[in-house]
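J.: My structure is below; once you've seen it, I'll send some questions.
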Amino acid sequence: MSLLKVENLTVRYGAIEALREISFEVNEGEIVTFVGSNGAGKTTTMRSLSSLVKMASGRIQFKGKDIHTLPSHLIVRMGLVQSPEGRLVFPDLSVRENLMLGAFSRKASATEINQELDSIFELFPRLKERLKQDAHTLSGGEQQMLAIGRALMAKPALLLLDEPSLGIAPLLVQQIFQKILELNRKEGMTILLAEQNARMALKIAHRAYVLEVGEIVQQGQASELLKDEALQKAYLGG
Ligand SMILES: Nc1ncnc2c1ncn2[C@@H]1O[C@H](COP(=O)(O)OP(=O)(O)O)[C@@H](O)[C@H]1O
Ligand SMILES: [Mg+2]
């Protein structure tokens, strides 16, 4: 079943057309990735889904309901939650406080919240060790884990991850992608992942869309796209 269905989404910033009639869907249980260079429109796509940028035209359905008319907080409450580009954690709040902020949209009991925290610590043990530290004292990779953890506290039905590899050491990128895969395979989390690091993204995704200056130019099974010669030349370093 399609959890998210986007039809003919167009977004403009003044005279710039950042997205031109793009259509795509995400089915329950999938990891879907949007790959494309800097400026292709990945972040604009993510932000449109959460109603953080206004669309010029198009339709977005989540769980069978139109959501493009809803305010952001209601979209989060429906379970569409994002971990934004640049791992925007609150630097002067502790790891624990940052995580708790992720749960603000839910009417969850203390027991539920503690269960959720435990499952996040299972995924990212580092966060448990650093619970009382201010977020700015974490490494880039740890901050990325925190940003993902905070999104998970909102109990997403669809988790949007915008460039989790950005500015992070290659070894940690591998770890974080392993965790993303684990979330999907063990917990059945549906994930939409925007990445410039096409190779890493295609390795863990089921399906992919290739975005070029605001348009989807290619789509298909991630394993097939990994083998595609033109794509290899353009995005995978030959
Ligand atoms: N707030 C903004 N105002 C004007 N132009 C923007 C804004 N945000 C993004 N853009 C432009 O929209 C295009 C797509 O950007 P973006 O969605 O950030 O791409 P990506 O995430 O793939 O790097 C780029 O040309 C970018 O310069
Ligand atoms: Mg971006």
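The values are calculated or read from the model by the stated rules, or taken from the named source; none is laboratory data. In this text, all values refer to a predicted model and were calculated from it rather than measured experimentally. Cβ: placed from backbone, ideal geometry, glycine included. Neighbour counts: every protein chain shown. Ligands, DNA and RNA are excluded from the accessible area calculation, which covers all protein heavy atoms including side chains. Shrake-Rupley method; radii C 1.70, N 1.55, O 1.52, S 1.80 Å.
J.: Condition check: of a type in the set (A, V, I, L, M, F, W, C), closer than 21 Å to Met46 by Cβ, away from ligand 1 (no atom under 16 Å from the Cβ) and in contact with a strand residue (DSSP E or B) (Cβ under 9 Å, 6 or more places away or on another chain). Does Ile180 satisfy that?
T.: Judged against the criteria, Ile180 is a match.
J.: Residue pairs, Cβ under 7 Å, 6 or more apart or interchain, first in the range 73-90 and more than 13 Å from Leu101 (Cα to Cα), second open to solvent by 50 Å² or more (accessible area, probe 1.4 Å) and away from ligand 1 (no atom under 16 Å from the Cβ). List them.
T.: Met78/Lys63; Gly79/Lys155
J.: Shifting gears a bit: I'm told Met46 meets every condition in (1) open to solvent by 10 Å² or more (accessible area, probe 1.4 Å); (2) modelled with pLDDT of 95 or more except one. Can you identify the failing condition by its number?
T.: (1)
J.: Run down Ser51, Ser37 and say which single residue is away from ligand 2 (no atom under 16 Å from the Cβ) and polar (S, T, N, Q). Explain how you work it out, then say what you get.
T.: Numbers: Ser37 fails: away from ligand 2 (no atom under 16 Å from the Cβ).
Only one candidate qualifies: Ser51.
J.: Scan the range 38-51 and report the pairs whose first residue is under 15 Å from Phe62 (Cβ atoms) and whose second residue is near ligand 2 (Cβ under 8 Å from one of its atoms), with Cβ atoms within less than 6 Å and a gap of 6+ or a chain change.
T.: Partner pairs satisfying both residue conditions: Met46/Asp162; Met46/Ala194.
J.: Same structure again: Which of the residues belonging to the range 205-224 are without any contact (Cβ under 8 Å) to a residue 40 or more places away in the chain and either open to solvent by less than 40 Å² (accessible area, probe 1.4 Å) or touching a Lys or Arg at 6+ places or on another chain (Cβ under 7 Å) (or both)?
T.: Matches in the range 205-224: Gly220, Gln221.
J.: Identify the single condition in (1) β-branched (Val, Ile, Thr); (2) within 16 Å of ligand 2 (Cβ to nearest atom); (3) assigned to a strand (DSSP E or B) that Thr10 does not satisfy, given that it satisfies every other one.
T.: All conditions are met except number (2).
J.: Of the residues that sit in the range 104-157 and are among the small types (Gly, Ala, Ser) and in a helix (DSSP H, G or I), which one is farthest from the chain's Cα centre (by Cα)? Show your work before the answer.
T.: Going residue by residue through the range 104-157, those that are among the small types (Gly, Ala, Ser) are 105, 108-110, 119, 135, 139-141, 147, 149, 151, 154, 157.
Then drop every residue that is not in a helix (DSSP H, G or I), which leaves 110, 119, 135, 140-141, 147, 149, 151.
On the way: Ala110: 26, Ser119: 19, Ala135: 20, Gly140: 17, Gly141: 16, Ala147: 10, Gly149: 12, Ala151: 9 Å.
Across the range 104-157, the extreme among qualifying residues is Ala110.
J.: Test of understanding: among Leu161, Leu202, Leu183, which residue is within 16 Å of ligand 2 (Cβ to nearest atom) and crowded, with 16+ Cβ neighbours inside 10 Å?
T.: After ruling out the rest, the residue left standing is Leu161.
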